[in-house]
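Visitor: A single structure is presented below for examination.
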Amino acid sequence: MLLKLDRVGKRYPMGGGHVDALKDVSLEIQAGEFLAFAGPSGSGKTTLLNLVGCLDTPSSGSIQLDGQDLGRMSRGQLGQLRAARIGFVFQSFNLIPVLSALENVEVALRLGGLPADLDRCEQALVDVGLKEQLHKRPNQMSGGQQQRVAIARALVKQPALVIADEPTANLDSHNGEAVLDLMRALNEDKGATFLFSTHDSIVLDRVRRTVWLRDGVVQKIEP
Amino acid sequence: MTGFLVGLALKNLFRNVRRNLISGVAVIWGVALMILGYGFIDGLDENIIRTEIDTLSGHVMLRPQGYPESSLSAPVDMLEPLPQELLAGLAEHTWTQRLRFDVRLVSGPESIRAMGVGFEPLRDPQVFPRDGYDLKGAWPEQRGLVVGSRLARLLEVGPGEVVVLQVRTSAGSINALSIEISGVVTTHNPAIDNFVVLLPLDQAMSLVQAPGPSEVSIRLPRRGQADAVAAQLDGAWAAHTYMDAARDMIALNVARRKALGFLVLMIMAIAATGIANTVIMATYERVREVGALAAMGMTPGQVRAMFLLEGAALGLIAGTLGAALGAGANYYFSTSGVSLDALAESGSAVTFSTTLYSAFRWGPVLGGLAFGALVAALASIYPANHAANLDPAVAVRTD
């Protein structure tokens, strides 16, 4: 099992009181899954994605990634874990505009403590169909191409887990479908585990499992 | 990783060239002003010292015990022949003797107070080189008078004309001498050009009935020997070095240095504010980017280093431009010089050369450059800390 969440809760201070963004979420995720957290705004899907992506720690309960308890880790240890084992694909791509596509991918290797292997970076970009765009900067590429660079950046270090936060939100439907098809193919070919946060039908139509959230509680899991 | 961070910082620097250039301008001016300003003050130190040595005191000056140190006072009633023991000590040096005396220079109905200087025609040029002097006429060998150029202009006299020297002798009586002007000299030292008349020592001693000179000046191969030679000769006559004579003027330059340092600090404080503002704007513009890097594992220390390097690189580039500007201007003024004739025309009795050369040294250039980079790096600490403390979970979703 890749991820195990046991009665996970997340509470944020708000005004004089607090708000419970997640309540008693228990979930098991296997390696190689292609899974979405779905639900309306405020349902807790982004909070859940932050927790499993080691960007935040739970207020209660425990999360285990490959048997390691994330709640016991310091901020630095979580950073090391993210660098080594987790890839991120963001809604706004979040590429570094002064670097080329190849250099953007290389950043992930360097931060992951891996050698800056340019052949490996180039192959990651070839895998997402950007063979001709290696040396272009983000502002010279379309939104769909930028998101492909972000996917290559997430996958180049062969992470245990890819966190994709609303990856189609800034893409038109055509590019959104293409990107999701690419992710699905990479999931099948390379066995990479993808976790999405979304309410986009393009994503929901393609994931193999959906965890529906409402008001911080798991409402249902499909199928 | 360090190389990667440096490369990224440099690339980020060119994201907003115009804004960074504006921020860097204050550093450029601050560093350039620092280099040029200190070059001129160092040059003024050297100017004062060199002029003192070359025209008035030599490296070491000996005077009778109790003789006033001020060059504006020249009593002749306390003079004595050169002591034998002093003559013996001088044998191994290049030296000359001079006699200073108060004199009134009369030409027709006009007269003016001046400082008379009796000099040894053969020895004097060995101690006080005349290379840079402008002379109309000739130096007298036995009889004749050389007049400082401004003094001659005020009295409207020139070579070939006859003037009268009125003096008070060592016995207190009045004496006068009708003498032909053999030359008018511009030494470029206002203390001489504005106030001094020179005549052969024997003639001067006869005029004021002095039993000996008022001073002996020694020229040494190196300035560094002055203290040792002065200590060795101090005894029957009091020995002083050129630094004793120049000390008051050099002390003024210490104050100038402090004032310049304060001015440079003010400019650099303005520069630091500008750079801090630029780096703060950069951190706010790149919140999502920093969040993404942090999410991918960049540590807070690395985020901090990235922005500090960016600020330091901005300071280094601006500092380099400022150092190039300051060094270029300093080099120009160290070879071409600046004319201070206007100061001399004001009637100054201060010893300095009317052509001021700045002192070009690499130390202030490299120091200025490093100072610019350091100020910029320090100014980047706060914004860099702000970026390092961003929460990646929030930052990656910031609009």
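Visitor: Hey, can you tell me all the residues within the stretch A:89-123 that are among the small types (Gly, Ala, Ser), within 14 Å of chain B (Cβ to nearest Cβ) and buried (at least 16 other Cβ atoms within 10 Å of the Cβ)?
Guide: A:92, A:100, A:108, A:112
Visitor: Surrounded by fewer than 23 Cβ atoms within 10 Å (Cβ to Cβ), touching a residue at least 40 places away in the same chain (Cβ under 8 Å) and polar (S, T, N, Q): does that describe residue A:74?
Guide: no
Visitor: Would you mind stating whether residue B:51 is among the hydroxyl-bearing types (Ser, Thr, Tyr) and either within 14 Å of chain A (Cβ to nearest Cβ) or over 22 Å from the mean Cα position of the chain (by Cα) (or both)?
Guide: no
Visitor: Hey, which of the helices (runs of 4 or more DSSP H) in the stretch B:244-348, taking only ones fully inside, have at least 2 residues that are touching a Pro at 6+ places or on another chain (Cβ under 6 Å) and within 14 Å of chain A (Cβ to nearest Cβ)?
Guide: It comes to B:287-295.
Visitor: Now a separate question. Restricting the search to the stretch B:47-96, which residues are surrounded by fewer than 15 Cβ atoms within 10 Å (Cβ to Cβ), among the acidic types (Asp, Glu) and in a helix (DSSP H, G or I)?
Guide: Answer for the stretch B:47-96, where residues must be surrounded by fewer than 15 Cβ atoms within 10 Å (Cβ to Cβ), among the acidic types (Asp, Glu) and in a helix (DSSP H, G or I): just B:85.
Visitor: Would you be able to tell me the number of residues in the stretch B:118-176 that are surrounded by fewer than 20 Cβ atoms within 10 Å (Cβ to Cβ), among the aliphatic types (A, V, I, L, M), under 29 Å from the mean Cα position of the chain (by Cα) and closer than 26 Å to residue B:62 by Cα?
Guide: 0
Visitor: Can you tell which of B:331, B:357 is of a type in the set (Phe, Trp, Tyr), surrounded by fewer than 22 Cβ atoms within 10 Å (Cβ to Cβ) and at pLDDT below 90?
Guide: B:357
Visitor: Turning to a different aspect of this structure: I need every pair where a residue in the stretch B:211-232 that is under 22 Å from residue B:80 (Cβ atoms) has its Cβ under 9 Å from the Cβ of a residue that is surrounded by fewer than 17 Cβ atoms within 10 Å (Cβ to Cβ) and hydroxyl-bearing (Ser, Thr, Tyr), sequence separation at least 6 or different chains.
Guide: B:218/B:94
Visitor: Evaluate the following for residue A:29: is it surrounded by fewer than 21 Cβ atoms within 10 Å (Cβ to Cβ), more than 14 Å from chain B (Cβ to nearest Cβ) and modelled with pLDDT of 90 or more?
Guide: yes
Visitor: Continuing with the same structure: Output the residues belonging to the stretch A:28-63 that are polar (S, T, N, Q) and more than 22 Å from residue A:187 (Cβ to Cβ).
Guide: Once the filter is applied, which keeps residues that are polar (S, T, N, Q) and more than 22 Å from residue A:187 (Cβ to Cβ), the stretch A:28-63 yields A:41, A:43, A:47, A:57, A:59, A:60, A:62.
Visitor: Would you confirm whether or not the stretch B:29-37 contains a residue that is within 14 Å of another protein chain (Cβ to nearest Cβ) and either over 20 Å from the mean Cα position of the chain (by Cα) or crowded, with 23+ Cβ neighbours inside 10 Å (or both)?
Guide: Among the residues of the stretch B:29-37, not one is within 14 Å of another protein chain (Cβ to nearest Cβ) and either over 20 Å from the mean Cα position of the chain (by Cα) or crowded, with 23+ Cβ neighbours inside 10 Å (or both), which makes the answer no.
Visitor: Next question. Which pairs turn up if I take residues in the stretch A:6-18 that are on the phi < 0 side of the Ramachandran plot and look for partners that are assigned to a strand (DSSP E or B) and charged (D, E, K, R) with beta carbon separation below 7 Å, at least 6 apart in sequence or on another chain?
Guide: Cβ pairs passing all conditions: A:9/A:20; A:9/A:23; A:9/A:24; A:11/A:20; A:18/A:11.
The values are calculated or read from the model by the stated rules, or taken from the named source; none is laboratory data. Computed from a predicted structure; not experimentally measured. With ideal geometry, Cβ positions are generated from the backbone for all residues, glycine too; neighbour counts draw on all protein chains shown.
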